[in-house]
Amino acid sequence: MDKNAKIYIAGHRGLVGSAILRELQKEGYTNFVTKTRAELDLLDQKAVSEFFKQEKPDYVFLAAAKVGGIMANNTYRGAFIYENLQIQNNIIHSAYESGVKKLLFLGSSCIYPKNAPQPLKEDYLLSEELEYTNEPYAIAKIAGIKMCESYNLQYGTDYISVMPTNLYGPNDNYNLETSHVLPALIRKMHLGKLLKANDWSSIDIDLNNRPIEGVSGTSSQEEKLAILEKYGIYLKDNSVVITLWGSGKPMREFLHSDDMAAACIYVMNNISFDDVAEGKTEVRNTHVNIGCGEDLTIKDLALTIKEVVDYDGELVWDADKPDGTMRKLMDVSKLEKLGWKATISLKDGIANVYGKYCE
Ligand SMILES: NC(=O)C1=CN([C@@H]2O[C@H](COP(=O)(O)OP(=O)(O)OC[C@H]3O[C@@H](n4cnc5c(N)ncnc54)[C@H](OP(=O)(O)O)[C@@H]3O)[C@@H](O)[C@H]2O)C=CC1
Ligand SMILES: C[C@H]1O[C@H](OP(=O)(O)OP(=O)(O)OC[C@H]2O[C@@H](n3cnc4c(=O)[nH]c(N)nc43)[C@H](O)[C@@H]2O)[C@@H](O)[C@@H](O)C1=O
């Protein structure tokens, strides 16, 4: 990409989109097109098509999607399949119609079968059955990969699909019902710390009956305790207990969004469809995994966050909540061979986001 190329980042206010925008600005790119959801609803096919005809971006980072943790995926199954298919169909097809030079589509590690061998190689796509909790989301993402591949093969476009592992960073979703595990655990332990310190004035309740922190509280202590308890944070014999979901045994791999953004820009600048598809008689699985190549149990993640947040209460596990896939470690050898490697350690990354969270 030239430094003055016109770049559209779909989802520029989200976790990944905002990191891509920050990194591009840092690297000296200047010509961005960004639209909030209120300005352009990506579910609206006609509006998206007109936007592309008008703006004619050179490059597109497709980081807009319906995203959430295990419970959100499992609960809002219809919204996850509809919105993701619709957003990606609208953007990929409009990009083709308006002659976009290159597009990067963001998928997810959940596209791989739930019992696939570890680490997950790109070639395991469509080899077996998916994890049920996020099947609608995964099917939409698989459709996106195949749409990019099919447009490349039929129309000669250069659309690359990248499959990130679980991500975290600034601008993450901290809603305790819909978030991913890492931000949820930071928030739960921060609230637990405030509760232990009897810092009632820093805990309040929002209009949707959810705990909020860092504001001067107006609700009564009883109301605050009842809401915290609803989210599994409570007092027992004067010590704080926090409830986490599932068994704590599943393993996950985490990548900081700054690393993710750097990888996306690297792929956009250095890798084309021909590089990933090259040499294959049957052109399939032309997507690229993005991760750090290391995972840990959810229990060990919880202990790491406990240490960073400095929460000294108890942790208990709610077996009624789903574990999801037991393991999804990415095989990142394809990306490493193509020249990119993650740099931010999990402990440093968590310390970085907890610092920002406290701000
Ligand atoms: N977070 C993770 O752990 C992982 C994410 N991914 C993938 O990475 C990509 C980015 O995810 P992430 O940054 O975490 O997600 P976020 O939810 O943080 O950001 C998504 C962005 O998409 C925008 N958006 C959603 N629907 C619409 C719409 N109808 N019209 C306009 N804008 C819309 C949101 O806008 P608004 O701000 O208005 O809501 C938001 O800015 C996604 O494709 C996701 O599937 C893959 C693996 C892991
Ligand atoms: C990125 C990825 O994200 C999702 O898959 P997931 O990795 O299973 O999601 P998660 O981050 O929500 O949970 C990871 C693990 O952590 C456990 N867990 C413990 N306690 C809490 C907790 O308090 N909140 C949450 N959310 N999880 C918790 C939880 O039970 C599970 O075992 C999919 O959307 C999928 O589509 C996708 O792409």
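What the table shows:
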quantity	calculated
Fully extended contour minus Cα-Cα distance, from residue 235 to residue 200, at 0.36 nm per residue	11.3 nm
Amide H contacts under 5 Å for residue 245, placed H, 5+ residues apart	318
Projected label distance in nm at residue 208 and residue 318, using a 7 Å step from Cα toward the beta-carbon	1.6 nm
Cα-based helix-to-principal-axis angle, 135-155 vs the chain, degrees rounded to 10	20 degrees
Other-chain or far-sequence residues with amide H under 5 Å of residue 33's (modelled H)	7, 8, 9
Cα gyration tensor shape for the range 102-206, rounded if a/c is under 1.5, else prolate or oblate	prolate
Full-stretch length increase - residue 146, residue 89 - with 0.36 nm per residue and alpha-carbon distance subtracted	19.4 nm
From phi via Karplus (6.51, -1.76, 1.60), per-residue ³J(HN,Hα) for the range 55-60 in Hz, x at Gly/Pro	7, 6, x, 7, 10, 10
The chain: calculated mean residue ellipticity at 222 nm from DSSP helix runs of at least 4, using -39500 (n - 2.57)	-13000 deg cm²/dmol
Cα shape, the range 210-259, gyration tensor, a/c 1.5 rule	oblate
Proximal charge balance of residue 197 [Cβ under 11 Å; K/R count +1, D/E count -1]	-1
Portion, in percent, of the accessible area of the chain that falls on carbon or sulfur, probe 1.4 Å	47 percent
Rounded to whole Hz, the Karplus (6.51, -1.76, 1.60) HN-Hα couplings of the range 70-78, x for glycine and proline	4, 6, 4, 4, 6, 8, 9, 4, x
Note, ³J(HN,Hα) from phi for the range 16-33, Karplus 6.51, -1.76, 1.60, rounded to Hz, x at Gly and Pro	7, x, 5, 5, 5, 4, 4, 5, 4, 4, 4, 7, x, 6, 10, 10, 9, 10
Theoretical gain in end-to-end length, residue 218 to residue 359 [0.36 nm per residue, Cα-Cα removed]	48.7 nm
Residue-normalised accessible area of the chain, given per residue in Å² at a 1.4 Å probe	44 Å²
Residue 341 accessible area, 1.4 Å probe, all protein chains in place, Å² to nearest 10	130 Å²
The chain: antiparallel DSSP beta bridges as a percent of all, rounded to 5	25 percent
Long-range amide H partners of residue 327 with built H, under 5 Å	251
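The values are calculated or read from the model by the stated rules, or taken from the named source; none is laboratory data. Fair warning: this is a prediction, and the values are worked out from it, not measured in the lab. Note: ideal-geometry Cβ built from the backbone for every residue, glycine included; neighbour counts use all protein chains shown. To get the accessible areas, we keep the full protein, side chains included, count just its heavy atoms, and leave off ligands, DNA and RNA. Shrake-Rupley method; radii C 1.70, N 1.55, O 1.52, S 1.80 Å.
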